[in-house]
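A.B. asks: Here it is, the structure, as structure tokens.
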Amino acid sequence: MNSLIPLLVAAPLAGAALLLLGGRRLDRFGHWLATAFAALSFAFGLALLASMLGRETAERQVDVNLFSWIPVNGFQADVGFQLDQLSITFVLLITGVGTLIHLYSVGYMAHDERRRRFFAYLNLFLAAMLLLVLADNYLLLYVGWEGVGLASYLLIGFWQHKPSAATAAKKAFLVNRVGDMGLSIAIMLMFAEFGSFAFGPLLGSEGTAGAVGQASEGKLTAIGLMLLLAACGKSAQVPLQSWLGDAMEGPTPVSALIHAATMVTAGVYLITRSASIFNLAPDAQTTVVVVGAVTLIFGAIVGCAKDDIKKALAGSTMSQIGYMILAAGLGPIGYVYAIMHLVTHGFFKAGLFLGAGSVMHGMNDEVNMRHYGGLRKYMPVTFVTFGLGYLAIIGFPGLSGFFSKDKIIEAAFAKGGTEGWILGGVTLLGAAITAFYMTRVMLLTFFGEKRWQPDAEGHEPHPHESPSTMKIPMIVLAFGSVFAGGLFTLNSSFLHWLEPVTGHAEGDSPLSPLTVTLITTLCMVAGVAVSYLMYGRSPVPVVPPVGSALTRAARRDLLQDDFNHAVLVRPGSALAAALVYFDSRGLDGFVNGLAATIGGVSSRLRRIQNGYVRSYALSMFGGTLVLVATTLLMRSV
Amino acid sequence: MNALALTGATSTGEAVQFWILAVIAVGGALGMLLMRKAVHSALCLAATMIALAVCYMAQGAVFLGVVQVVVYTGAIMMLFLFVMMLVGVTSEDSLKEQLKGQRFAAVFCGLGFGVLLIAGIANAKLDHFTGLADANAEGNVQGLARLIFTKYVWAFEVTGALLITAAIGAMVLTHREHVKAPSTQRELAAQRVKDNIQVPPMPAPGVYARHNAVDVPGLLPDGSIAEDSVMATLRERGQIRDVSQEMLQRMAELEETTADWLGRPSSARPPVAPPEQRRALQKVPTAKSPSAEEGSE
Amino acid sequence: MNPVNYLYLAGLLFTIGASGVLIRRNAIVLFMCVELMLNASNLALVTFSRLHGNLDGQIIAFFTMVVAAAEVVVGLAIIVSIFRTRHSASVDDSNLMKL
């Protein structure tokens, strides 16, 4: 059974290779082939889950050492997989949502002439992401980490004929490089400190302490901060958040799969996987919490101001991942809930993105919500699935988001002391803003009067329901959005499932769980109410009003690009210009001057070699003259 | 004087002889340097060499003096003259120096070298001359022979080998190998017809009795010269003797005389044209032709 | 008179010959200048023979003459073959030593 683990990765990788190398003859059925490979991987995942459920809790972790990758004296890197409860959770999320989105893409990309390539990239992404979550050491994880970065780059820039898409892809790639640098430094630090980067010896497994236990707190803090930098880059957390909004230039299924459900949560996975390190480095943990809290509010504010439906959802993604990072930073009291929110978020955010894609599909690829309105009658299925996702994300009682977010807020309060109050307040505020902006999206898109505009070629939009290949994934994800949270919370099943891997501790909450739930629900109702007052009661202007300073800043992503430009790009350009100046004037000037001098002297010397025999005779005679004169002088001295 | 030379001292007679010979030698050398024509240079050099031969004899080197006259003046200078005839006896250097600064630098170096050499000799301690009395006791030739065939016999043999090598080398250098069989008359004629440039024979030179020589070109009907009628070597050297104007003038005089004798009226006589300036030759360098006439007349 | 005067004469002739090599362009005249230089050194050798009182100097002068003869023969042959191909005896016309 364990031999299926490598096949999990191999199936989508084979699909990518086949589609990329197969050429045009695969154009006709390549997308179904890719979907089949994704589904195959999902089936393997289910089989492995069944096998794992059949074993005792202590024996659930499985290690498969595939081959020795870089065997050097004193440096041993293996390609090996570690399948435990955390990994299988991710595997099922990735392959499950991935398969659904493959299916959705069959309909969404039906008219794109480069569809085969698109599906090849999707499969490549699945393979890399599975490698990331299955790796049993940080080096192999890094391969998967870079692999998803590559797939993300390729897919954001898939419509590369649009300059905005090409730029967005480059931006995502570059910002991710900063985070990747953090991960590589963290790996180097680990190797320098412990001589290994495999999870087993380093982090310890259940019951046995890993090598990290012996290290000093300072070093662990350094490693933790570097890992956090990596997580920030991949998960679009402040200060490396700027790429996610632009990444919405990619096709909508890509936004749903990579930039909402799976890849951007890799940072949460990394922190949870490295729990042993963070548990021993409180400073690093505090930093993680701060980053999560800041991003939570940051993303929520950005989400409130955007008129582009995908960018609003991207802000929301940022904010929700902020919740997860915050939970992961809380330590053992939060890890399980971080992953739980991650899974439920994977369902409802993917569903929301697919719904947004469906709306765009029906509205001539219009993304501005101010040009929507009243679509619920034209797209009933989309409306219902999107609505369920909406209720899930705002935390409507009984739906997925309600359970997972509530647990995070409880954990934040359970941190204890002043920190607990601050974090709890922030998470509650985030919940209220989430309710506000999601209600805004909902109202602008599906309610109110029609504000439809003709597109660039003058076609009036004729909203229609999407084909069934698109509807089915939306319906399945809506089911997930509704029931996943309840299932996980029932008998604390998810807690018991993950606890052996991540550990768990009950915090010391000043408020009872019921109180927290009530306050959360109140915040949510308040957010919905404010939003309804602003957007539901009165007609929405097609042209956005000027708004307050905060609104204008939020429309510009809270000036993140201006900040980056002023702090990083301008000094960088100035440095580069100075270096170019130094290079061209200083170094080149010296080298060219030397060459010119030698060339000039040579061309003058060359005139001596004129080929006339009498001239040579003169030189000889002159030489004789000098010789005789010297001899006489030396004798006379 | 010879006796004095043997003792190393010099007599008044030798002094007088030296000054005369020195003047001749230096004058000859300068003449060789400054004469524009190679033939004149060669003659000047011959004079210098003869003067040097006498100098050798005055210093007790009788054999060398004779050899100097025989080998240098007799053989080598004649060889020079032969080659000069082959290359063109009238060829001379143009006055224009082509290398910038060469003449100035040469004079400067020469003067400097001369000054240094003379200063060096003046500084050397050369006050005591042994003289050749002992060495030439049984005769100069015998003394030389004793050395050549004993001490220097190996060098002598090698010199013989060198001379043989030089003779063979000269033959090899001047020998022209036929890379293909020489063309026959028939082939040459066929080639001429094929080329269609000059099908009939070349015009003959020397069409006038006064100048029936190969360097006189034939005249074309308009009085200009036919350059083709002179052999290529002479044309190359610029040694064409152009007599066309002179001839035309004489023809006119002849016509005039005939008319006088026949008593023709002046109206019936052909007009006497003034001698025209001959057009410049196209293939032949004409600048040297006046001196060429001088040289041969 | 001091026989050293012969040496001055030799030096003078040598210098004239050397200057001639540098100034004249006709290859034949150039050769004659070289001959003059050889003759000047011969005169010096003969004078040295008298100075030292042995005949070795004369022997060397004799060999010089032989070598000069050989040199002239080969040199003139070269001049003739150059003249045949280039139709000129000027050394300036054959600056073929330059590539």
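A.B. asks: Using helices alone, I'd like the mean residue ellipticity at 222 nm for chain A: each DSSP H run of four-plus residues gives -39500 (n - 2.57), total over residue count, nearest 500.
C.D. replies: Details: 26 runs with 436 residues, N = 637.
Theoretical 222 nm ellipticity from helices: -23000 deg cm²/dmol.
A.B. asks: Using DSSP to call loops (not H, G, I, E or B), can you name the GluC sites (Glu not before Pro) in the stretch A:144-232 whose Cβ has at most 16 other Cβ atoms within 10 angstrom?
C.D. replies: On the way: sites: A:146, A:193, A:206, A:217; in loops: A:206.
Answer in residue order: A:206.
A.B. asks: Something else: Straight distance only, please: which aspartates and glutamates reach the Cα of residue A:306 with their own Cα at less than 18 Å, same-chain residues fewer than 8 apart left out?
C.D. replies: Once the sequence-local aspartates and glutamates are set aside, what remains near residue A:306 is A:246, A:249, A:365, A:366, A:557, A:561, A:562.
A.B. asks: What residues have an amide H closer than 5 Å to that of residue A:308, excluding those fewer than 5 places away on the same chain, when H is modeled at 1.01 Å from N in the peptide plane?
C.D. replies: Amide H neighbours of residue A:308: A:369.
A.B. asks: Given +1 on the Cβ of Lys and Arg, -1 on the Cβ of Asp and Glu, and no further charges, what dipole in debye does chain A carry about its Cα centre, rounded to the nearest 20? Intermediate values should be presented prior to the final figure.
C.D. replies: Numbers: 41 positive and 37 negative charges, 461 e Å.
Here chain A has a charge dipole of around 2220 debye.
A.B. asks: Here's another thing I want to ask about it. How many angstrom lie between the Cα centre of the stretch C:22-47 and the Cα centre of the stretch A:156-228?
C.D. replies: The two parts, judged by their Cα centres, are 90 Å apart.
A.B. asks: Would you kindly calculate the translational diffusion coefficient of the stretch A:349-409, applying Stokes-Einstein with the Kirkwood radius from alpha carbon pairs, for 25 °C and a viscosity of 0.890 mPa s, and quote it in µm² s⁻¹ without decimals?
C.D. replies: Rounded, D is 198 µm²/s.
A.B. asks: Residues of C:41-51, mean number of Cβ from any other protein chain within 10 Å of their own Cβ, rounded to a whole number?
C.D. replies: Working: counts 0, 7, 8, 2, 3, 12, 6, 1, 8, 12, 8.
Shielding by partners across C:41-51 averages 6.
A.B. asks: Also, quick follow-up: Using the Karplus equation 6.51 cos²θ - 1.76 cosθ + 1.60 (θ = phi - 60°), what ³J(HN,Hα) coupling, rounded to whole Hz, does each residue of the stretch A:623-637 give in order, writing x for Gly and Pro?
C.D. replies: Karplus values, whole Hz, x for Gly and Pro: x, 4, 4, 4, 4, 5, 4, 4, 4, 4, 4, 5, 5, 6, 6.
A.B. asks: Here's something else I'd like to know. Do the sum for chain C: with -39,500 (n - 2.57) for every DSSP H run of n ≥ 4, divided by all residues, what is the mean residue ellipticity at 222 nm, to the nearest 500 deg cm²/dmol?
C.D. replies: Helix-only estimate at 222 nm: -27500 deg cm²/dmol.
A.B. asks: In degrees between 0 and 90, to the nearest 10, how far off the longest principal axis of chain A does helix A:163-194 point, with axes built from Cα atoms?
C.D. replies: Taking Cα atoms only, the helix is inclined about 80 degrees.
A.B. asks: Using θ = phi - 60° and the Karplus relation 6.51 cos²θ - 1.76 cosθ + 1.60, list the HN-Hα couplings for the stretch B:107-112 in order, rounded to whole Hz, with x at every Gly or Pro.
C.D. replies: Rounded to whole hertz, the list is 5, 4, 5, x, 4, x.
A.B. asks: Nearest 20 debye, what's the magnitude of the dipole of the stretch A:309-401 about its Cα centre given +1 on Lys and Arg Cβ and -1 on Asp and Glu Cβ?
C.D. replies: Numbers: 6 positive and 2 negative charges, 33 e Å.
My answer is approximately 160 debye.
A.B. asks: What list of ³J(HN,Hα) values in whole Hz, one per residue of the stretch A:249-256 in order, does the Karplus curve 6.51 cos²θ - 1.76 cosθ + 1.60 (θ = phi - 60°) give from phi, with Gly and Pro shown as x?
C.D. replies: Working through the residues one at a time gives 5, x, x, 4, x, 5, 4, 5 Hz.
A.B. asks: To the nearest 0.05, what FRET efficiency results for residue A:518 and residue A:496 with a Förster distance of 30 Å applied to their C-beta separation? Mind dumping the intermediate values first?
C.D. replies: Details: r = 26 Å, r/R0 = 0.87.
Once the sixth-power term is evaluated, E becomes 0.70.
A.B. asks: Here's another thing I want to ask about it. Would you calculate the separation in nanometres between label points at residue B:79 and residue A:570, each defined as 7 Å from the Cα along the Cα-to-beta-carbon direction?
C.D. replies: 9.1
A.B. asks: For the stretch B:42-57 and the stretch B:14-40, write down the distance between their C-alpha centroids in whole Å.
C.D. replies: Centre-to-centre (Cα) distance: 8 Å.
A.B. asks: Which of rounded, prolate or oblate describes the stretch A:53-192 when judged by the alpha-carbon gyration tensor and an a/c cut-off of 1.5?
C.D. replies: On the way: a/c = 2.64, a/b = 1.39, b/c = 1.89.
Since a/c reaches 1.5 but b/c is at least a/b, the shape of the stretch A:53-192 is classed as oblate.
A.B. asks: Among all the lysines, which ones have a C-alpha under 30 Å from residue A:311's C-alpha, if same-chain residues fewer than 8 places away are not counted?
C.D. replies: Output for residue A:311: A:162, A:170, A:171, A:234, A:349, A:377, A:405, A:407, A:450, A:471.
A.B. asks: Calculate the all-directions average of the projected area of the stretch A:495-637's alpha-carbon convex hull, and give it in nm². Walk me through the numbers before you get to the answer.
C.D. replies: Values: hull surface 124.8 nm².
Mean projected area for the stretch A:495-637: 31.2 nm², to one decimal.
A.B. asks: What is the angle, in °, between the Cα long axis of helix A:335-362 and the longest principal axis of the Cα atoms in chain A? Nearest 10 is fine, range 0 to 90.
C.D. replies: So the inclination is approximately 90 degrees.
A.B. asks: Could you sort B:30-41, B:148-159, C:22-33, A:340-351 so that the peptide with the highest average Cβ count within 10 Å comes first and the rest follow in order? Kindly include the intermediate steps, with their values, before the conclusion.
C.D. replies: Working: B:30-41: 19.7, B:148-159: 13.1, C:22-33: 24.2, A:340-351: 28.8.
Ranked by mean Cβ neighbours within 10 Å, highest first: A:340-351, C:22-33, B:30-41, B:148-159.
A.B. asks: Name the lysines eligible as straight-distance cross-link partners of residue B:125: C-alpha to C-alpha under 16 Å, and not fewer than 8 places from it in the same chain.
C.D. replies: Correct list for residue B:125: empty, as no lysines qualify.
A.B. asks: In nanometres, what is the gap between the two model label sites at residue A:559 and residue C:67, each 7 Å from Cα along Cα-to-Cβ?
C.D. replies: Output for this residue pair reads 9.6 nm.
A.B. asks: So how do A:437, A:104 line up by other beta-carbon neighbours within 10 Å, fewest first?
C.D. replies: A:437, A:104
A.B. asks: Counting partner chain Cβ atoms within 10 Å of every residue's Cβ in B:60-66, what's the average? Present the calculation step by step, with values, prior to reporting the outcome.
C.D. replies: Numbers: counts 6, 12, 1, 3, 13, 1, 0.
Neighbouring Cβ atoms belonging to other protein chains average 5 per residue here.
A.B. asks: Could you check the spin-label model distance between residue A:161 and residue B:70? Points 7 Å from the Cα along Cα→Cβ, value in nm.
C.D. replies: Taking the simple label geometry, residue A:161 and residue B:70 are separated by 10.6 nm.
A.B. asks: Sort B:129, A:403 so the one with the fewest other Cβ atoms within 10 Å of its own Cβ comes first. Write down the numbers at each step before the final one.
C.D. replies: Working: B:129 20, A:403 25.
The most exposed by this proxy come first: B:129, A:403.
A.B. asks: Which angle between 0 and 90 degrees, to the nearest 10, do you get for helix A:468-489 versus the longest principal axis of chain A when only C-alpha atoms count?
C.D. replies: Computed tilt is about 70 degrees.
A.B. asks: Counting only other residues whose beta carbon sits under 14 Å from that of residue A:527, what net charge do I get with K and R as +1, D and E as -1?
C.D. replies: Numbers: positive: A:405, A:440; negative: none.
Once positives and negatives cancel, what remains is +2.
A.B. asks: Next up: List the residues, sorted by chain then number, that are 5 or more residues from residue A:240 or on another chain and whose placed amide H is less than 5 Å from its amide H.
C.D. replies: Amide H to amide H, under 5 Å and 5 or more residues apart or across chains, residue A:240 pairs with nothing.
A.B. asks: While we're here: Based on other C-beta atoms within 10 Å, arrange B:177, A:366 from fewest to most. Don't skip to the answer; put the middle values down first.
C.D. replies: Values: B:177 5, A:366 20.
Starting with the residue having the fewest Cβ neighbours, the order is B:177, A:366.
Since every read-out is calculated from the coordinates, none of them should be taken as a lab result. Note that this is a predicted model, so its numbers are computed, not measured. Cβ atoms come from the backbone with ideal geometry, glycine included; neighbour counts cover every protein chain shown.
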